[in-house]
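Here's the structure, in structure tokens; my notes come after.
The values are calculated or read from the model by the stated rules, or taken from the named source; none is laboratory data. Just so it is clear, the structure is predicted and the values come from calculations on it, not from any experiment. For neighbour counting, all protein chains shown are included, and Cβ atoms are generated from backbone atoms with ideal geometry for every residue, glycine included.
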Amino acid sequence: MVDFSKMDTMKGFFAPTRFEADVYDCEVIGKVPADLNGAFVRLGGDWLYPPKFDDDSPFSMDGYINTFRFKNGVVNYKGRWVKTPRFKADLAAKKQLFGKYRNPFTDDPSVHGLDRSVQNTTPLAFAGKLFTLKEDSLPYEIDCNTLETIGPYNFHGKYRSLTFTAHPKVDPTTGEMICYGYEAEGLETKDVFLYTIKKNGEVARELRFKVPYVSMVHDIAITQKYVIIPIFGFVSSMERLKEGKVHWGWDDTKPAMVAIVPRDGEAKDIRWFKGPSRATVHTLNARDEGNKVIFEAPIYDSNPFPFFPPIDGSAWDPTKARAYIRRQTFDLNSKDDGYTEDKIFERNVSDLGRVDDRYLTQPYRYAFTAYGDTQRPFEQWKAGSLGGRVNNCYGRFDLATGKMNSYFAGPTHSLQEVCFVPRKNGAEGDGYVMGVASNYAEMRSELIIADAQHLEDGDVARVILPFRATAQVHGRWVDESELPFA
Amino acid sequence: MDANAMRETTKFESGVNFVTRRNFLGLLTAACAAASIPAAKLLGHTADVPFERRPVVAFHMDQLYVDRTGKAVPYRPPAGYRGAEPLAHLSETELRMQYCYL
Ligand SMILES: [Fe+2]
């Protein structure tokens with residue numbers, strides 16, 4: 001029997017949905033811009049079956065991919081589970097067979113050796129194919145029209161890491177993808193394999209190196225010359241896994257470390273820089289300035305995730321789980337391993353930030369992310385209370401002037417990750433801000449489309465789903481030229 | 001509880017009775033009749049002026065309809081589903097254990 005009643009967090013708006021859906025010609029408030037042709041692809045997770053352990057990470061939720069397909073002003077919605085071997089095994093057994101996040105020692109013996117990945121993090125359109133990404137395994141190829149799962153993909157056998165990041169970066173000047181796997185040779189290995197893959201999907205380059213300590217390498221940034229790879233206080237060990245713990249624990253004594261890796265260099269050319277304890281889970285962008293590398297990201301003061309608790313037994317500290325847009329400057333002429341850091345905006349924000357991807361590796365002006373504004377109205381009597389814990393705004397942060405423009409989603413809404421969709425041939429920041437809002441009063445999800453240059457004017461369109469869409473981790477806009485859409 | 005009552009009221013483990021809109025209005029009307037108070041007054045659509053009947057939007061057989069006599073109980077739209085409420089009591093740690101990104 002499926003029973004979520006013991007999970008206090010699986011109630012109300014947040015109750016599991018667990019169904020697959022097709023909505024043809026979705027209801028729209030406003031007018032869908034005619035120049036949006038393609039798909040907003042979301043990937044996230046839901047529990048097919050409740051987790052085996054109460055303290056497991058939500059990163060173990062089963063993957064669910066969904067698309068808002070835009071064509072000539074009409075939007076169709078489709079949602080499907082990512083049907084991994086794990087999903088199929090659980091469904092056959094009618095229960096959760098897999099244990100804690102990235103810890104196979106906690107699994108039911110019947111699934112020993114099976115790919116335990118859940119494919120719930122980021123969708124990727126590359127080389128004419130659609131993939132789901134999860135950093136503990138290879139990408140899974142997905143049929144972009146049916147959203148049915150095809151299976152793991154290794155770029156014609158040339159991608160040799162056992163894992164593939166959820167945050168590859170595509171260089172807009174060449175179309176090449178810079179991607180990597182960490183714990184590349186298996187659980188708890190220090191190996192990172194860094195790849196350059198041509199826009200036709202052919203692996204062009206592989207660089208192997210080791211990190212100073214096994215840590216989460218969730219996101220990177222690229223410049224024209226370098227790859228910036230942050231690692232920080234999440235630690236792991238085989239002993240930890242054998243003790244039945246979740247993969248990561250937080251070690252506050254670990255310095256934040258950042259590798260500056262030449263894109264055409266060797267492992268010996270890598271510079272490691274060290275700084276105070278931080279958590280750089282997601283990045284915005286980076287660029288070269290002479291012999292300096294300028295890197296910007298929404299960086300947490302400390303551990304953002306209570307499900308990866310401190311290893312010293314202390315309590316997780318929510319006051320340090322705040323992200324601020326910061327700039328880190330790495331001087332490659334320096335003789336020491338220090339770097340400088342500036343907080344660019346004082347407002348704490350969601351670390352799920354985006355830029356205009358056409359400006360990756362280049363000087364740029366705008367960053368976009370969600371944040372909570374407690375000065376905005378929140379109609380608790382309609383929405384229920386989360387004690388002010390909502391992301392009710394998308395902000396456009398002007399890195400040149402320090403000014404912020406904001407879009408407010410509504411008094412019963414909370415916004416998931418923002419996406420920026422450039423207008424074809426438009427200048428930087430000319431386009432749309434897009435993302436899904438949870439409407440706690442109407443118990444439904446609404447895809448927001450706002451003009452990125454006129455955020456204060458509100459949205460130009462809302463695509464209404466008559467249900468709660470599965471929660472998203474990351475979403476990406478895919479232009480119709482990128483995939484063989486029907 | 002008999003089958004008819006079960007249709008109108010759902011009893012949860014917490015002991016809280018969730019009363020349907022129709023059942024509630026019925027109970028209210030009966031209670032008001034016993035106390036000789038017009039139910040409409042309790043619903044807030046009269047002032048201290050003599051009761052004046054106007055057309056109202058009301059419920060009949062779970063369907064909205066316009067009652068031009070004003071005799072029926074006006075429909076008040078629900079305030080919202082309050083979908084965030086079941087998680088309101090969670091501490092920051094408890095909430096973020098499942099929702100690091102809301
Ligand atoms: Fe991510």
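Of all strands (runs of 3 or more DSSP E) completely enclosed by the range A:219-322, which ones contain at least 3 residues that are in contact with a Lys or Arg (Cβ under 6 Å, 6 or more places away or on another chain)?
Numbers: elements: A:226-231, A:256-262, A:271-275, A:285-289, A:292-300.
By residue number, A:256-262, A:292-300.
Which of the numbered conditions does A:V118 fail, given that it passes all the others? Conditions: (1) of a type outside the set (G, A, S); (2) within 16 Å of the ligand (Cβ to nearest atom); (3) closer than 19 Å to A:L48 by Cβ; (4) within 14 Å of chain B (Cβ to nearest Cβ).
The single condition A:V118 does not satisfy is (4).
Need pairs with beta-carbon distance below 8 Å; first residue in contact (Cβ under 8 Å) with a residue 24 or more places away in the chain and closer than 16 Å to A:T189 by Cβ and within the range A:155-170, second of a type in the set (A, V, I, L, M, F, W, C) and within 16 Å of the ligand (Cβ to nearest atom); sequence gap 6+ or separate chains.
As it stands, the answer is A:F164/A:L133; A:F164/A:C179; A:T165/A:L133; A:T165/A:C179; A:T165/A:V217; A:T165/A:I220, since those pairs meet every condition given.
Consider A:S215 against the criteria (1) within 16 Å of the ligand (Cβ to nearest atom); (2) assigned to a strand (DSSP E or B); (3) surrounded by fewer than 23 Cβ atoms within 10 Å (Cβ to Cβ): it satisfies all of them except one. Which criterion is unmet?
Among (1) within 16 Å of the ligand (Cβ to nearest atom); (2) assigned to a strand (DSSP E or B); (3) surrounded by fewer than 23 Cβ atoms within 10 Å (Cβ to Cβ), A:S215 violates only (2).
Does A:T189 satisfy the criteria of being touching a Lys or Arg at 6+ places or on another chain (Cβ under 6 Å), of a type in the set (S, T, Y), away from the ligand (no atom under 16 Å from the Cβ) and in contact (Cβ under 8 Å) with a residue 24 or more places away in the chain? Spell out the reasoning first.
Details: touching a Lys or Arg at 6+ places or on another chain (Cβ under 6 Å): no; of a type in the set (S, T, Y): yes; away from the ligand (no atom under 16 Å from the Cβ): yes; in contact (Cβ under 8 Å) with a residue 24 or more places away in the chain: yes.
Answer is no for this residue.
Can you report the number of residues in the range A:140-168 which are within 16 Å of the ligand (Cβ to nearest atom) and among the β-branched types (V, I, T)?
Initial filter on the range A:140-168 (within 16 Å of the ligand (Cβ to nearest atom)): A:163-168.
Among the residues that remain, those that are also among the β-branched types (V, I, T) are: A:163, A:165.
The number of residues fulfilling the criteria is 2.
Exactly one condition in (1) within 24 Å of A:G429 (Cα to Cα); (2) within 14 Å of chain B (Cβ to nearest Cβ); (3) of a type outside the set (A, V, I, L, M, F, W, C) is not met by A:P309; state its number.
Exception for A:P309: condition (1).
Any residue in the range A:88-104 that is part of a strand (DSSP E or B) and away from the ligand (no atom under 16 Å from the Cβ)? Working first, answer last.
Filtering the range A:88-104 for residues part of a strand (DSSP E or B) gives none.
There is no residue in the range A:88-104 that is part of a strand (DSSP E or B) and away from the ligand (no atom under 16 Å from the Cβ).
Name the single residue, out of those in the range A:162-207 being closer than 21 Å to A:F59 by Cα and polar (S, T, N, Q), that is nearest to the chain's Cα centre (by Cα).
A:T165
Kindly check whether there is at least one residue in the range A:229-251 that is within 14 Å of chain B (Cβ to nearest Cβ) and more than 16 Å from the ligand (Cβ to nearest atom).
Checked the range A:229-251: at least one residue is within 14 Å of chain B (Cβ to nearest Cβ) and more than 16 Å from the ligand (Cβ to nearest atom).
Name the residue, out of A:F305, A:F209, that is within 23 Å of A:R102 (Cα to Cα) and within 16 Å of the ligand (Cβ to nearest atom).
Numbers: A:F209 fails: within 16 Å of the ligand (Cβ to nearest atom).
Going through A:F305, A:F209 in turn, just one is within 23 Å of A:R102 (Cα to Cα) and within 16 Å of the ligand (Cβ to nearest atom): A:F305.
Could we say that A:S438 is in contact with a helix residue (DSSP H, G or I) (Cβ under 7 Å, 6 or more places away or on another chain), under 28 Å from A:T132 (Cβ atoms) and surrounded by 23 or more Cβ atoms within 10 Å (Cβ to Cβ) here? Talk me through it step by step, then tell me what you get.
Working: in contact with a helix residue (DSSP H, G or I) (Cβ under 7 Å, 6 or more places away or on another chain): yes; under 28 Å from A:T132 (Cβ atoms): yes; surrounded by 23 or more Cβ atoms within 10 Å (Cβ to Cβ): yes.
Yes: the conditions hold for A:S438.
Only one of A:L447, A:L415, A:L483 is over 19 Å from the mean Cα position of the chain (by Cα), in contact (Cβ under 8 Å) with a residue 24 or more places away in the chain and surrounded by 17 or more Cβ atoms within 10 Å (Cβ to Cβ). Can you tell me which? Explain how you work it out, then say what you get.
Values: A:L447 fails: over 19 Å from the mean Cα position of the chain (by Cα); A:L415 fails: over 19 Å from the mean Cα position of the chain (by Cα).
None of the other options fit; the residue is A:L483.
Take the conditions under 30 Å from A:Q224 (Cβ atoms), more than 14 Å from chain B (Cβ to nearest Cβ), out of contact with any strand residue (DSSP E or B) (no Cβ under 6 Å at 6 or more places or on another chain) and free of Cβ contacts under 8 Å to residues at least 24 places away in the same chain and apply them to A:K403. Does it pass?
yes
Quick one: count up the residues across the range A:446-474 that are away from the ligand (no atom under 16 Å from the Cβ) and either of a type in the set (G, A, S) or closer than 11 Å to A:V433 by Cα (or both).
Our first condition is that a residue be away from the ligand (no atom under 16 Å from the Cβ); within the range A:446-474, this holds for A:446-470.
If we keep only those that are either of a type in the set (G, A, S) or closer than 11 Å to A:V433 by Cα (or both) as well, we get A:447-455, A:458-461, A:469.
Going through the range A:446-474 one residue at a time, the tally reaches 14.
List pairs: first residue in the range A:280-291 and away from the ligand (no atom under 16 Å from the Cβ), second residue aromatic (F, W, Y) and modelled with pLDDT of 95 or more anywhere in the structure, Cβ distance under 8 angstrom, at least six positions apart or on different chains.
Matching pairs, first to second residue: A:A286/A:Y226; A:A286/A:F295; A:R287/A:Y364; A:D288/A:Y226.
Answer with yes or no whether A:F131 is within 16 Å of the ligand (Cβ to nearest atom), closer than 21 Å to A:T470 by Cβ and of a type outside the set (G, A, S).
Details: within 16 Å of the ligand (Cβ to nearest atom): yes; closer than 21 Å to A:T470 by Cβ: yes; of a type outside the set (G, A, S): yes.
For A:F131, the condition - within 16 Å of the ligand (Cβ to nearest atom), closer than 21 Å to A:T470 by Cβ and of a type outside the set (G, A, S) - is met.
Which residue is nearest to A:V349 (Cα to Cα), if the candidates are limited to the range A:386-400 and must be within 12 Å of chain B (Cβ to nearest Cβ) and buried (at least 17 other Cβ atoms within 10 Å of the Cβ)? Talk me through it step by step, then tell me what you get.
Filtering the range A:386-400 down to residues within 12 Å of chain B (Cβ to nearest Cβ) leaves A:386-392.
If we keep only those that are buried (at least 17 other Cβ atoms within 10 Å of the Cβ) too, we end up with A:386, A:389-392.
On the way: A:L386: 17, A:R389: 12, A:V390: 11, A:N391: 9, A:N392: 11 Å.
Among those residues, the one meeting the criterion is A:N391.
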